[in-house]
Amino acid sequence: MRPTLRLSALIATLLLLNACKLSAAEAGKTASSDSAAARVAQTDPQCQAIDDFYWEIGNGEGVLASGRIGDDYAADETIDIASASKFIWGAYVLENLKAGEKPSDEQLSYLEMKSGYSEFNPLFCLLSKSVDSCLDARSNSKRSSSAIGRFSYGGGHDQRMAASMGLGRKNAAELTSTVMGTLGLSGLDIAYKRPQPAGGVEASPAAYGKFLSKIVAGDLRIHDYLGYQPVCAFEGASCNAVFSPVKERWHYSLNHWVEDDPDTGDGAFSSPGLMGFYPWISADRSTYGLVARKKFSKSAYWDSVQCGRRIRAAWMESH
């Protein structure tokens, strides 16, 4: 073999070995992060307390780690996500803005739950076939003058907003076609089972994870509006909120929470569902995650938050 050929072969070999070392190091880092998150999911007391669940962590390219605790939940099994629907509706509204346009004061009043429509009860909508019929059920369309301009958590804001956007006559299937089509989620296991923008979606964790991944990737406009003009959203002397289900001093942005309690918060953006479906995006917008389960208990959503943010902390600390 000529010297030049031997030198070329040597260089190629060295480059290949170096690439293998880099790949191994990167794989080890991922495995370490995966192990750290999985260990918390399996052994942390806050996670053991919620029994069976599915968890997932990813970025703008897709899933990076996931796991099942028990046999009740899996990535492709559809469950009721309750108020995690609000994240989807907020993203849809923002996608309808024109280029360079920002949310109007009226839109902010709905998405920050300051519109005064605080009497909404989803149980009144059990037989409702459209957005309007749900809104018109009993006291659901009532506007409280004392709540205008003050945060008051509930589904009435989104229900009224949907009607004002011309979606009032749409049933659940039509609402699904409109919203998921706009967000690029058509064909996935994610759909409105009830014509309620704030709480009517059923989804598989895998499908919801793809929605979160699109946000992290910057494919949806809400990426740039995470934490936008947050409002005080906790009950107490330092805040004028009417009602909040959260036990800490969080703020609320465009249909999502900002977990910024000065003692416990890490700034993540989230939208916990009543029965324990907990999706989140990290404060730096680099990572998404979720805890998926469905339990009928008053503390199901908060218990999932406690577990989910421990998994998040383990993952983020490993990077």
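Below is a table of values for the structure above.
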{"read-out": "At least 15 Å along the helix axis (C-alpha) and Kyte average at least 0.0, DSSP helices within the chain", "value": "3-43, 85-95, 172-183, 205-216"}
{"read-out": "Residues 225, 288 arranged by fewest to most Cβ contacts within 10 Å", "value": "225, 288"}
{"read-out": "Top positive-direction residue, dipole computed over the chain with Cβ charges, set 230, 311, 176", "value": "176"}
{"read-out": "Length-normalised contact order of segment 32-317 in % [C-alpha pairs under 8 Å, at least 6 apart]", "value": "25"}
{"read-out": "Antiparallel content of DSSP bridges confined to the chain, in %, to 5", "value": "95"}
{"read-out": "Residue order, fewest to most beta carbons within 10 Å, for 81, 50", "value": "50, 81"}
{"read-out": "Helix-only [θ]222 nm of the chain, DSSP H runs n ≥ 4, -39500 (n - 2.57) each, per residue, nearest 500", "value": "-11500 deg cm²/dmol"}
{"read-out": "Under 18 Å from residue 298, Cα to Cα: lysines that are on another chain or at least 8 residues apart", "value": "247"}
{"read-out": "Top of 164, 253, 115 by mean-square fluctuation, Gaussian network on the chain, Cα under 10 Å", "value": "164"}
{"read-out": "Ranked 157, 223, 251, criterion: other C-beta atoms within 10 Å, fewest first", "value": "223, 251, 157"}
{"read-out": "Distance from segment 239-301 to segment 60-87 (C-alpha centre basis), Å", "value": "16"}
{"read-out": "Most mobile listed residue (214, 114, 295) in the chain, GNM with C-alpha springs under 10 Å", "value": "295"}
{"read-out": "Segment 193-314 shape via C-alpha gyration tensor axes, a/c threshold 1.5", "value": "rounded"}
{"read-out": "Reachable aspartates and glutamates from residue 294, criterion Cα separation under 18 angstrom, eight or more residues apart if same chain", "value": "51, 52, 56, 71, 72, 76, 77, 80, 189, 202, 303"}
{"read-out": "The chain - charge dipole about Cα centre, Lys and Arg +1 at Cβ, Asp and Glu -1, debye rounded to 20", "value": "380"}
{"read-out": "Rounded if a/c under 1.5, otherwise prolate or oblate - segment 57-148, Cα gyration tensor axes", "value": "oblate"}
{"read-out": "Dipole moment magnitude, nearest 20 debye, segment 172-263 about Cα centre, only Lys, Arg, Asp, Glu C-beta charged", "value": "300"}
{"read-out": "Gaussian network model of the chain, springs between alpha carbon atoms under 10 Å - residue of 100, 154, 218 with greatest fluctuation", "value": "100"}
{"read-out": "Counted charge near residue 56, where neighbours are those whose Cβ lies closer than 11 Å (Asp, Glu -1; Lys, Arg +1)", "value": "+2"}
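None of the figures in this text is laboratory data; all of them are computed from the coordinates on show. Just so it is clear, the structure is predicted and the values come from calculations on it, not from any experiment. Counting neighbours? That spans all protein chains shown, and the Cβs are built from the backbone with ideal geometry, glycine included.
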